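Q: Please read through the structure below; I'll follow up with questions.
The values are calculated or read from the model by the stated rules, or taken from the named source; none is laboratory data. Just so it is clear, the model here is predicted, and its values are computed rather than measured. Note that each Cβ is placed from the backbone with ideal geometry, even for glycine, and that neighbours are counted across all protein chains shown.
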Amino acid sequence: MKSRIYKVCFLVLIWLNGNSIQAQDFSKLQKDFLHKNAKEVFIDSTFENGNWESVLHEVVDKRIVLLGELNHGSKENFLLRNDLIKYLHEKAGFNVLLFEAGLGEAYVVNRDKDKYSGQIMTYNFMGQWQNKEFEGLMNYIKSENISFGGFDVQRGFGGFFNKLLEEECLGFQIDSIEYKNLESEFLRQKKILANRKTKIKDIDSACKILIQNYQNLKETAIVKYLNQESNLNHKAFIKTLENRIDFLGYMLEFVRDKNWSKRWEARDRFMADNVIWFLENVYPNQKVIIVGHNYHLSLFNEKEEVMGEFLKKNYSNQMYSIGFFIGSGVYAQNGERKIENPNTENLDIKHIIQNLKSNVNFLPIPENCSNGGEWLQNNIIVNDSFIDLSGSNSLVLEKSYDGLILIKESSLPSFNH
């Protein structure tokens, strides 16, 4: 009797083990496809001096390259992206960087970057980007005098826009006393708007007054500019005021209807508008690299329309989007987080990374994914990242990106604070 029980248990264990690795087992055809199309980057031990010729081949004739990140806190993602940006700048003439950062704040830091250290420059960005690795990119921007900007409709960090606000008000004899508390009131109401317990009656009147105050300042500034030579300070000032109005508007609407999808789609739509503003009005003849989360830079999202989709409508043939994905390790997000183990029931992006020999690979997604590449056309598990508001953890890579950077392992950045 015992031997029969042991035999049954043994067979069950074999069955469970076989099913647990089934998703990881690539067929020979799939492995051949992967090894034929994935290009080793041959990065060194410091994640620099990579051989990025395979990426250059794909983007050399593009005007816009989008470089993503699985999350905002992976050291290797920062270092590899820094190295790729340097390569594209030096080999293909990409001279402008646009970051997921506040437009007005980034404008001032870019304008005055010769006055700031690389570390201070990082304080314009979100907390997870305020690290030594990102500081390295800021130092490169300074040394090469590369122009950069922020495309986020949300207010940036560090309060740098206050400097431009004061300059413009003083320069055109706009009553600075009337507007000196505008940004502090914005921060106060932003906090109230973000509180899930806030009711529309608690914020509606005050928020509408603030919107009107920003609108009044914008209209006053436009009148003052009529007889003046237009310059980039004026343009960035007006555009930032418009961003404040847009942000308050969609957040007030969110308090009213609690529609998360509409709120996120509004943010991405306004971010796309900001990118278009840069491309058409500020850097009309420049090649541009856009840096942000994979979610925003995706060319397709099943649940919410995202920035990459909006941009694709205008620049489809001029842009190339690269998603960054990681196989194992840890990353920073409200402390240290461990990257999840690969899914055992369905094909996981980590299974793809495990089947690659090199620490870093670039996979351009071919037009024809047959003969072993069909997995690119089907849903694949992608954890450790925000995908949509429904909490999904799978996407179709062929629809979402033009190419993929696949990284074996991630570690924590070295923070500046």
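Q: Assess whether I209 counts as being within 21 Å of E105 (Cα to Cα) and either at pLDDT 95 or above or in a helix (DSSP H, G or I) (or both).
A: It is false that I209 is within 21 Å of E105 (Cα to Cα) and either at pLDDT 95 or above or in a helix (DSSP H, G or I) (or both).
Q: Quick check on my filter: what residues within region 284-302 are surrounded by 21 or more Cβ atoms within 10 Å (Cβ to Cβ) and not hydrophobic (A, V, I, L, M, F, W, C)?
A: G292, N294, Y295, H296, S298, N301
Q: Give I238, I276, I222, I289 a once-over and let me know the one that is more than 30 Å from N343 (Cα to Cα), β-branched (V, I, T) and at pLDDT below 95.
A: Result of the check over I238, I276, I222, I289: I222.
Q: Given Q128, Q119, which one is more than 23 Å from K62 (Cβ to Cβ), part of a helix (DSSP H, G or I) and touching a His at 6+ places or on another chain (Cβ under 9 Å)?
A: Just one listed residue meets the conditions, Q128.
Q: Would you confirm whether or not region 160-178 contains a residue that is closer than 22 Å to F415 by Cα and either within 25 Å of the chain's Cα centre (by Cα) or surrounded by fewer than 21 Cβ atoms within 10 Å (Cβ to Cβ) (or both)?
A: yes
Q: Please work out which one of (1) touching a residue at least 60 places away in the same chain (Cβ under 8 Å); (2) part of a loop (DSSP other than H, G, I, E, B); (3) out of contact with any Lys or Arg (no Cβ under 8 Å at 6 or more places or on another chain); (4) under 29 Å from A92 (Cα atoms) is the condition P284 fails and give its number.
A: Every condition holds for P284 apart from (1).
Q: Would you mention how many residues in region 226-237 are in a helix (DSSP H, G or I) and surrounded by fewer than 18 Cβ atoms within 10 Å (Cβ to Cβ)?
A: Summing the residues that are in a helix (DSSP H, G or I) and surrounded by fewer than 18 Cβ atoms within 10 Å (Cβ to Cβ) in region 226-237 gives 3.
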